[in-house]
Amino acid sequence: MNIENALNIANNILKDNCNNSYQLDSELLMSKIFEKDRKFIILNSNKKLSEEKLEQFNCLINKRLKGEPIAYLLKKKDFWKYEFYVDKGILIPRPDSEVVVDQILKLTNNKDNLRILDIGVGSGCLLLSVLKERKNFHGVGIDISKKCIDISNINASKLKISNRVKFFKSDVDNFNFGKYDLIVSNPPYIKMLDFNNLKKDVINFEPKLALYGGLDGTSEIRKVIKKSSELIKKNGKFILEIAYDQKNKVIKLLRDKGFYINNVLKDLADNDRCIVSTKV
């Protein structure tokens with residue numbers, strides 16, 4: 001069987017199961033087993049597949065058929081300008097979160113030697129994207145998950161910025177290291193009712209620890225705001241990701257801890273995505 005035949009069979013399998021990106025997914029998974037880009041797959045459609053490669057491909061297609069996210073199968077996800085290593089147990093970076101990186105870069109234009117803290121660092125995509133753009137900044141990332149810390153270190157090494165960042169396995173309550181010019185966080189913020197309505201591939205495969213924010217979605221947000229108020233320098237900037245319906249509640253929490261609200265940013269779907277504030 002050649003590449004084209006295998007792709008056609010895979011496309012039909014995925015298409016019949018309501019996978020809207022079936023053709024792209026099939027080509028990406030075929031690219032993975034050859035360790036080549038999609039261009040190679042398209043230009044070599046008549047290339048014969050060995051039994052080993054066909055078995056590998058079918059295994060990946062079956063996993064995708066069961067809903068496993070394509071990023072986990074490929075072990076990578078593009079975010080901002082960079083490619084990040086991801087794996088099961090890590091929240092997959094979302095394009096909507098790029099608004100956070102964009103805002104940080106705007107706020108820090110012409111700034112030197114800033115220290116940044118990322119609470120709930122995950123794959124490291126937010127913190128590392130900023131550090132890659134700002135060559136003289138230094139960062140610290142914390143996460144309760146050891147796997148997140150390990151993968152963040154891998155991504156820092158891939159981006160060649162390990163000398164400017166440190167990662168610590170810690171929950172937010174017990175972290176008391178340093179003072180920071182800027183703090184960023186994408187905490188678990190999905191409330192109970194919304195969590196049960198998430199897409200199946202999210203519920204079944206992505207870590208609940210990185211998503212579920214308690215009954216009203218603010219249980220972890222409250223901890224992050226409290227800790228940030230203690231670790232941020234005066235006039236420091238705090239950028240916090242929120243759910244689409246949390247703006248008013250979170251603004252009150254921020255003000256109660258001494259933060260001035262600068263603005264609320266929208267994501268690609270025009271939903272409230274993050275609150276930018278200043279410690280006064």
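The values are calculated or read from the model by the stated rules, or taken from the named source; none is laboratory data. Note that the coordinates shown come from a computational prediction; the quantities given were computed from them, not determined experimentally. Cβ sites come from the backbone with ideal geometry, for glycine too, and all protein chains shown count toward neighbours.
Annotations for the structure displayed:
- Any hit, segment 183-199, residues being in contact (Cβ under 8 Å) with a residue 12 or more places away in the chain, among the hydrophobic types (A, V, I, L, M, F, W, C) and either buried (at least 22 other Cβ atoms within 10 Å of the Cβ) or closer than 19 Å to Lys106 by Cβ (or both): yes
- Under the condition of being modelled with pLDDT of 90 or more, surrounded by 15 or more Cβ atoms within 10 Å (Cβ to Cβ), of a type outside the set (A, V, I, L, M, F, W, C) and more than 24 Å from Val276 (Cα to Cα), the residues counted in segment 200-230 number 2.
- If you go through segment 80-98 and keep only what is part of a strand (DSSP E or B) and either more than 10 Å from the chain's Cα centre (by Cα) or assigned by TED's automatic domain parsing to the domain that holds Leu28 (or both), you end up with Tyr82, Glu83, Tyr85.
- Residues of segment 30-51 include none that is closer than 30 Å to Gly122 by Cα, in a loop (DSSP other than H, G, I, E, B), touching a Phe, Trp or Tyr at 6+ places or on another chain (Cβ under 6 Å) and not polar (S, T, N, Q).
- Among the residues making up segment 63-79, those that are in contact (Cβ under 8 Å) with a residue 60 or more places away in the chain and either within 25 Å of Asn271 (Cα to Cα) or part of a loop (DSSP other than H, G, I, E, B) (or both) are Gly67, Glu68, Pro69.
- Residues that are without any contact (Cβ under 8 Å) to a residue 40 or more places away in the chain and part of a strand (DSSP E or B) were ranked within segment 129-164; the one that is farthest from the chain's Cα centre (by Cα) is His138.
- Candidates are the residues of segment 220-277 that are among the small types (Gly, Ala, Ser) and not in a helix (DSSP H, G or I); the one that is nearest to Ile183 (Cα to Cα) is Gly236.
- All of Asp173, Asp102 fail the test of being under 18 Å from Leu209 (Cα atoms) and either under 17 Å from the mean Cα position of the chain (by Cα) or in a helix (DSSP H, G or I) (or both), apart from Asp173.
- When Phe168 is tested against (1) modelled with pLDDT of 95 or more; (2) surrounded by 14 or more Cβ atoms within 10 Å (Cβ to Cβ); (3) under 21 Å from the mean Cα position of the chain (by Cα), just one condition goes unmet, and that condition is (2).
- Checking Ile190, Ile154 one by one, the residue that is among the hydrophobic types (A, V, I, L, M, F, W, C), in the same structural domain as Lys88 (by TED's automatic domain parsing) and closer than 25 Å to Cys274 by Cα is Ile190 and no other.
- Residue count for segment 96-151, restricted to those that are hydroxyl-bearing (Ser, Thr, Tyr) and surrounded by fewer than 19 Cβ atoms within 10 Å (Cβ to Cβ): 1
- Whichever residue in segment 251-271 is out of contact with any strand residue (DSSP E or B) (no Cβ under 6 Å at 6 or more places or on another chain), within 24 Å of Met192 (Cβ to Cβ) and touching a residue at least 12 places away in the same chain (Cβ under 8 Å) and, among such residues, is surrounded by the most Cβ atoms within 10 Å (Cβ to Cβ): Leu253
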